[in-house]
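Participant: Starting off with a structure, shown below.
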Amino acid sequence: MNIIRFHHTAIICSDYERSKYFYTGVLGLPVICETFRAERNSYKLDLAIPGGGQIELFSFPNPPARLSYPEACGLRHLAFEVADIVATISDLTEQGVAVEPLRLDELTGKPYTFFADPDGLPIELYGK
């Protein structure tokens, strides 16, 4: 095996326009490419993650709901490192995003918190 780097995470959303706005407008991720796949009645939106990697945002008709928050088997959450966690929390709350209280990682001493995307996918902010 010769892994070079992390490439992407795929997310399936229930409301494409709402999730597109959240990831581009609220989180500020740049769009790499947007494709409508008529045969699947599905959008695929490729978003750039600063420092490398991507999020593939998919829409499919009637996807099943997430089983639990955040302890479902499989992907637990996305985590983004931020330079100023307090300022980032303030930016999110000003845009109407509910953010959990700030915590400290007992192993690293770094601050972190969680919020959710429009479908309840847990997203972690991790202080630098």
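The values are calculated or read from the model by the stated rules, or taken from the named source; none is laboratory data. Note that the structure is predicted; figures quoted are calculated from it, not measured. In this analysis, Cβ positions are derived from the backbone assuming ideal geometry, glycine residues included, and neighbour counts consider all displayed protein chains.
Participant: Which ones in segment 29-69 are under 15 Å from the mean Cα position of the chain (by Cα), among the aliphatic types (A, V, I, L, M) and assigned to a loop (DSSP other than H, G, I, E, B)?
Facilitator: Across segment 29-69, the qualifying residues are 29, 49.
Participant: Can you confirm whether residue 18 is of a type in the set (D, E, K, R), under 19 Å from residue 115 (Cβ atoms) and either part of a strand (DSSP E or B) or in contact (Cβ under 8 Å) with a residue 12 or more places away in the chain (or both)?
Facilitator: Details: of a type in the set (D, E, K, R): yes; under 19 Å from residue 115 (Cβ atoms): yes; either part of a strand (DSSP E or B) or in contact (Cβ under 8 Å) with a residue 12 or more places away in the chain (or both): yes.
Against the criterion (of a type in the set (D, E, K, R), under 19 Å from residue 115 (Cβ atoms) and either part of a strand (DSSP E or B) or in contact (Cβ under 8 Å) with a residue 12 or more places away in the chain (or both)), residue 18 qualifies.
Participant: I've got another one for you. Return the total of residues in segment 84-115 being under 17 Å from the mean Cα position of the chain (by Cα), more than 15 Å from residue 29 (Cβ to Cβ) and surrounded by fewer than 16 Cβ atoms within 10 Å (Cβ to Cβ).
Facilitator: 4
Participant: Taking segment 98-114 as the region of interest, how many residues are part of a loop (DSSP other than H, G, I, E, B) and under 12 Å from residue 79 (Cβ atoms)? Steps first, answer last, please.
Facilitator: Here is the first cut: in segment 98-114, the ones part of a loop (DSSP other than H, G, I, E, B) are 98, 100-102, 105-110.
If we keep only those that are under 12 Å from residue 79 (Cβ atoms) too, we end up with 105, 110.
The qualifying residues number 2.
Participant: Please specify each residue of segment 116-128 satisfying the condition of being buried (at least 17 other Cβ atoms within 10 Å of the Cβ) and either free of Cβ contacts under 8 Å to residues at least 24 places away in the same chain or more than 14 Å from the chain's Cα centre (by Cα) (or both).
Facilitator: 127
Participant: Something else now. Give me the pairs: first residue in segment 87-111 and in the same structural domain as residue 125 (by TED's automatic domain parsing) and modelled with pLDDT of 95 or more, second residue surrounded by 10 or more Cβ atoms within 10 Å (Cβ to Cβ) and assigned to a loop (DSSP other than H, G, I, E, B), beta-carbon distance under 6 Å, and six or more apart or on different chains, which are they?
Facilitator: Between residues of segment 87-111 that are in the same structural domain as residue 125 (by TED's automatic domain parsing) and modelled with pLDDT of 95 or more and residues that are surrounded by 10 or more Cβ atoms within 10 Å (Cβ to Cβ) and assigned to a loop (DSSP other than H, G, I, E, B), the close pairs are 111/102.
Participant: If I filter segment 95-104 for residues that are hydrophobic (A, V, I, L, M, F, W, C) and within 26 Å of residue 5 (Cβ to Cβ), do I get at least one hit? Break it down into steps so the answer makes sense when it comes.
Facilitator: Narrowing segment 95-104 to residues hydrophobic (A, V, I, L, M, F, W, C): 97-99, 102, 104.
From the residues that got through so far, the ones that are within 26 Å of residue 5 (Cβ to Cβ) too are none.
No - not one qualifying residue is present in segment 95-104.
Participant: Now for a separate question. Residue check: is residue 106 over 15 Å from residue 119 (Cα atoms) and not small (Gly, Ala, Ser)? Steps first, answer last, please.
Facilitator: Numbers: over 15 Å from residue 119 (Cα atoms): yes; not small (Gly, Ala, Ser): yes.
For residue 106, the condition - over 15 Å from residue 119 (Cα atoms) and not small (Gly, Ala, Ser) - is met.
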